[in-house]
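The values are calculated or read from the model by the stated rules, or taken from the named source; none is laboratory data. Everything quoted here is computed from the prediction, not taken from an experiment. Using ideal geometry, Cβ is built from the backbone for each residue, glycine included, and neighbour counts are taken over all protein chains shown.
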Amino acid sequence: MPGLGGRMSTVIKAKISRMLDRAEDPGETLDYGYQKQVEMLQNVKKGIADVVTAKKRLQMQSGKLEQQVVKLDTQARQALAQGNEPLARTALERKTLAQTELQTLDTQVKELEGQQEQLTANEQKLRQKIEQFRTKKEVIKAQYSAAEAQVRIGEAASGVGEEMADLGLAMQRAEDKTEQMRARAGAVEELEAAGTFDDITQLGPGEDDIDRQLKELTSGAQVDDELAKMKAELETGGGDSPALEQGKENP
Amino acid sequence: MIVRISGEGQFRLPDEDAGRLNELDNRAVKAVEQGDETGFRELWSQMLELVASDGNALADDELVESDVILPPRDVTFQEAKGEFTGDGLIPD
């Protein structure tokens, strides 16, 4: 199809012709090309392992946050049952923040899973193409004169080269995304380290920097709503929650 | 003609589709130039649909070069600004 061929394919073609220019001897070009392909396959494996590592880290954080959400909810109920509304509010603010983080983490884990699947499928495809190239390479070496071989190498190498370049782009995108998630995970860890999601009974309400930051970070409306709901539950004696039972025991 | 969706693989399409693809490509360039993300998204999904409806996936052991390379399916508008410029993916 004359006239077709996008920017990316132009870049890829340029790379391949540079690769072909590097060696005068077609046999050498073929071996070099094959060697590069095998290296690329190793890189892909490493890239997939990186994605898996990033995903595991996020999943671990997500699990921890889930526990904290439950804990903070319980503590808010306890505080309210004891008539300590400011403390209940603090717990709910923290819970809201933890929930927001949790949602983001879960979305990111799903994205990473998609990427992992895609990269694995691509790796499989590239492996097949490389195998095909290896077979062709030996045929070309055995059957053609240097001049003829050069033409045929061009064809075969372009096909594999494009596959490699494309996988390279996919890897780059996956790496960029993993990098963003690492930054995100780091931010959550910092919040954790600062004690943001810790046991609120260890602190008085509104006493520290964390709480001031929390007020800025969390949606006041959501906290108000939840507080109101909890109060209503408490008043109607909806004591099916263990936290409330505890509260009743300790008026 | 052979079309690659970056990150997915290659598809064989009837040569007659080149004109349609080129037209969508040119319109996508315009949308990007005008900062019209909604318009771009619409055209981009039409391009993907064309490949999905008319294309047959190439076997994994086929070693052929693509005539057209489309960006990844989930291309961001920001990335599209780098790809859909000038003559677009398919030079006229």
Among (1) within 13 Å of B:Val75 (Cβ to Cβ); (2) surrounded by fewer than 21 Cβ atoms within 10 Å (Cβ to Cβ); (3) not hydrophobic (A, V, I, L, M, F, W, C) - the single one B:Ser6 does not satisfy: (2)
Residue satisfying condition, being of a type in the set (Ser, Thr, Tyr) and modelled with pLDDT of 90 or more, within set B:Ser53, B:Ser66: B:Ser53
Any chance you could count how many residues in segment B:1-38 are of a type in the set (Ser, Thr, Tyr) and assigned to a helix (DSSP H, G or I)? 1
Restrict the check to segment B:29-39 and report whether at least one residue is at the interface with chain A (Cβ under 10 Å from one of its Cβ atoms) and out of contact with any Asp or Glu (no Cβ under 7 Å at 6 or more places or on another chain). no
Report, by residue number, each residue of segment A:63-80 that is in contact (Cβ under 8 Å) with a residue 12 or more places away in the chain and either β-branched (Val, Ile, Thr) or not in a helix (DSSP H, G or I) (or both). A:Val69, A:Thr74
From the list B:Leu24, B:Leu63, exactly one residue is in contact with a Leu (Cβ under 8 Å, 6 or more places away or on another chain), of a type in the set (A, V, I, L, M, F, W, C) and either without any contact (Cβ under 8 Å) to a residue 40 or more places away in the chain or at the interface with chain A (Cβ under 9 Å from one of its Cβ atoms) (or both). Which is it? B:Leu24
Would you point out the residue of segment A:113-148, among those that are β-branched (Val, Ile, Thr) and closer than 30 Å to A:Ala54 by Cβ, that is surrounded by the most Cβ atoms within 10 Å (Cβ to Cβ)? A:Ile130
For segment B:7-15, check the following and say yes or no: at least one residue is closer than 25 Å to A:Ala174 by Cβ, over 10 Å from the mean Cα position of the chain (by Cα), small (Gly, Ala, Ser) and more than 8 Å from chain A (Cβ to nearest Cβ). no
Which residues, taken from segment A:81-131, are within 11 Å of chain B (Cβ to nearest Cβ) and either touching a residue at least 12 places away in the same chain (Cβ under 8 Å) or β-branched (Val, Ile, Thr) (or both)? A:Glu111, A:Gln115, A:Gln118, A:Leu119, A:Asn122, A:Lys125, A:Leu126, A:Arg127, A:Lys129, A:Ile130
Scanning for something without any contact (Cβ under 8 Å) to a residue 40 or more places away in the chain, surrounded by fewer than 20 Cβ atoms within 10 Å (Cβ to Cβ) and either facing chain B (nearest Cβ under 9 Å) or not in a helix (DSSP H, G or I) (or both), does segment A:162-170 turn up at least one residue? no
Checking B:Gln78 against (1) exposed (fewer than 15 other Cβ atoms within 10 Å of the Cβ); (2) touching a helix residue (DSSP H, G or I) at 6+ places or on another chain (Cβ under 9 Å), only one condition comes out false. Which one? (2)
Is it fair to say A:Ala49 is at pLDDT 85 or above, crowded, with 16+ Cβ neighbours inside 10 Å and small (Gly, Ala, Ser)? no
Does segment A:39-62 hold any residues that are within 16 Å of A:Ala170 (Cβ to Cβ) and without any contact (Cβ under 8 Å) to a residue 12 or more places away in the chain, and which are they? A:Gln42, A:Lys46, A:Ala49
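Given the criteria surrounded by 16 or more Cβ atoms within 10 Å (Cβ to Cβ), under 10 Å from the mean Cα position of the chain (by Cα), closer than 30 Å to A:Thr120 by Cβ and not charged (D, E, K, R), does B:Leu70 qualify?
Yes: the conditions hold for B:Leu70.
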I'd like to check something: does segment A:149-158 contain any residue that is buried (at least 19 other Cβ atoms within 10 Å of the Cβ) and of a type in the set (D, E, K, R)? no
